[in-house]
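Before any comments, here is the structure.
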Amino acid sequence: MPFIKPFISKIPVHESERINLKLFTVGPVACYPEVLEAMGQQMYSHRSKEYFALHYETVKLLQNFIETRNEVFLFSSTGTGFMEASVRNCVRKNMLCCINGSFGERFSEVATANGKTVVKLEPPLGEPILPDVLDKALKEHPEVEAVAITHNETSAGLINPLKELAPIAKNHGKLVFVDAVSSMGGTEIKVDEWDIDVCFSSSQKCFGVPPGLGIGSVSEKSLKLSETAVDKGWYFDFKVWEDDQKKGVGTPVTPAIPQIAGLNTALKMIEKRGGKKWYSDLYKERNLRIRRGVEKLGLSTFPKRGYESPTVNCINAPEGIDGSVIYEKMREKGFELAQGYGPLKKKTFRIGNMGYIEMSDIDLMLKALSEVLSSL
Ligand code: PMP
């Protein structure tokens, strides 16, 4: 192994053997040591004043982070729970899904599975959703009630121009749902200024916390719609969550206390080190260091230029080489990247820059990648 640090993931191979990997995954990602420490504490009741203090402080930290006065809920699920909740609480019949890859596709599957009719806006893979295209689609489909946007499409390594898309949807009087699973924390999100109705993420991405927590903000308008929604179920009923949060009892179900403690620590750590601007600049720096590095090795990135994700580089595998071969060879060298996803599985491989990664780790990873490429 070229490089071993105490925080790296230990995956049991045999009882007696362990391999050590430095993660450049797309989630779960390597967690900050402070986060892991905070998560290793003894449990306490979720109806105790200790939990309430943790809960309401974390909600406040998140509201500040994504710049909103909307309710923020901490679901004991992953981000997809929030995706389903947005559909079930707020959409009566019709919605539009912007699709740039597998997770946009998932939004439409979730909507269809919940009995909604979906209009798909799907540019060729690798291209963003552009404001005039969304505008045109909404003119053609006045029946849709909501627009779902995947801010950062992890499968294609592409970021959509959310700041420009949200006002288009609003001009047409639509709700805006944002899947910010791989963008929240990694780039700017201004929920109130951009008027986002439901904006959700998962713990295991940019905040560098283990999986198991769905994080999201819900607008007044969404809560109002939830009041009269039929067949919305119970577990993800926004009104049930709002009632308990407002009553001062935190959550209606047992919360994922360790993850919430971890997220609380991550948010305070970010604040202490320089705040959200510092954190998104750090993502940019890591991401560009990786992109420039792979370009120097003669590789190119998959998405259209100018729309590359700041949290994951999706890289075209060299001509005639399956991307998963590079992934496997990098594992042998002690680095876990991510394989291509969905239709891009063979043609690409991905290098995430989320969670606990030092600049020096990036240089070591690029050196290993250079060796792998020369060995092919
Ligand atoms: N949306 C995006 C953009 C994602 O990257 C992912 C996870 N890779 C999901 C949704 C699903 O998140 P989760 O598994 O946390 O529900």
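Here are the numbers:
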quantity: Any hit, the range 275-284, residues being over 23 Å from the mean Cα position of the chain (by Cα) and of a type in the set (Ser, Thr, Tyr); calculated: no
quantity: Which numbered condition ILE149 misses (of (1) among the hydrophobic types (A, V, I, L, M, F, W, C); (2) in a helix (DSSP H, G or I); (3) within 27 Å of LEU263 (Cβ to Cβ)); calculated: (2)
quantity: Every residue from the range 303-347 that is among the basic types (Lys, Arg), touching a residue at least 60 places away in the same chain (Cβ under 8 Å) and more than 19 Å from LEU364 (Cα to Cα); calculated: LYS304
quantity: Within the range 115-146, tally of residues that are in contact (Cβ under 8 Å) with a residue 40 or more places away in the chain, within 16 Å of the ligand (Cβ to nearest atom) and either aliphatic (A, V, I, L, M) or over 17 Å from PRO303 (Cα atoms) (or both); calculated: 1
quantity: Test: residue in the range 180-197 that is near the ligand (Cβ under 10 Å from one of its atoms), closer than 13 Å to ALA85 by Cβ and not basic (Lys, Arg); calculated: no
quantity: Among residues of the range 307-356, those that are more than 17 Å from the chain's Cα centre (by Cα) and of a type in the set (Val, Ile, Thr), counted; calculated: 5
quantity: Positions within the range 148-167 being within 11 Å of the ligand (Cβ to nearest atom) and of a type in the set (D, E, K, R), in sequence order; calculated: GLU153
quantity: Residue within the range 294-302 that is within 19 Å of THR78 (Cβ to Cβ) and either surrounded by fewer than 20 Cβ atoms within 10 Å (Cβ to Cβ) or in contact (Cβ under 8 Å) with a residue 12 or more places away in the chain (or both) present; calculated: no
quantity: The range 109-124: number of residues that are within 19 Å of the chain's Cα centre (by Cα) and open to solvent by 80 Å² or more (accessible area, probe 1.4 Å); calculated: 1
quantity: Residues satisfying the stated conditions in the range 88-108, i.e. of a type outside the set (Gly, Ala, Ser), farther than 14 Å from SER217 by Cα and open to solvent by less than 10 Å² (accessible area, probe 1.4 Å); calculated: VAL91, MET95, LEU96, CYS97, CYS98, ILE99, ASN100, PHE107
quantity: Count of residues meeting criterion [polar (S, T, N, Q) and within 25 Å of VAL87 (Cβ to Cβ)] in the range 233-281; calculated: 4
quantity: Residue under evaluation VAL372, criteria (1) within 19 Å of the chain's Cα centre (by Cα); (2) more than 22 Å from CYS31 (Cα to Cα); (3) open to solvent by less than 20 Å² (accessible area, probe 1.4 Å), criterion not met; calculated: (1)
quantity: Residue within the range 203-212 that is over 20 Å from PHE75 (Cβ atoms), assigned by TED's automatic domain parsing to the domain that holds LEU263 and more than 11 Å from the ligand (Cβ to nearest atom) present; calculated: no
quantity: Enumeration of residues in the range 27-73 that are over 23 Å from the mean Cα position of the chain (by Cα) and either crowded, with 19+ Cβ neighbours inside 10 Å or among the basic types (Lys, Arg) (or both); calculated: HIS46, ARG47, LYS49, TYR51
quantity: Filtered residue count, the range 145-193, keeping only those that are of a type in the set (A, V, I, L, M, F, W, C) and more than 16 Å from PRO131 (Cα to Cα); calculated: 6
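The values are calculated or read from the model by the stated rules, or taken from the named source; none is laboratory data. Because the structure is predicted, anything quoted here is derived from the model rather than measured. Quick reminder, even Gly has a Cβ in these numbers, built from the backbone with ideal geometry, and neighbours come from all protein chains shown. Accessible surface is based on the protein model in full, side chains and every heavy atom, while ligands, DNA and RNA are left aside. Shrake-Rupley method; radii C 1.70, N 1.55, O 1.52, S 1.80 Å.
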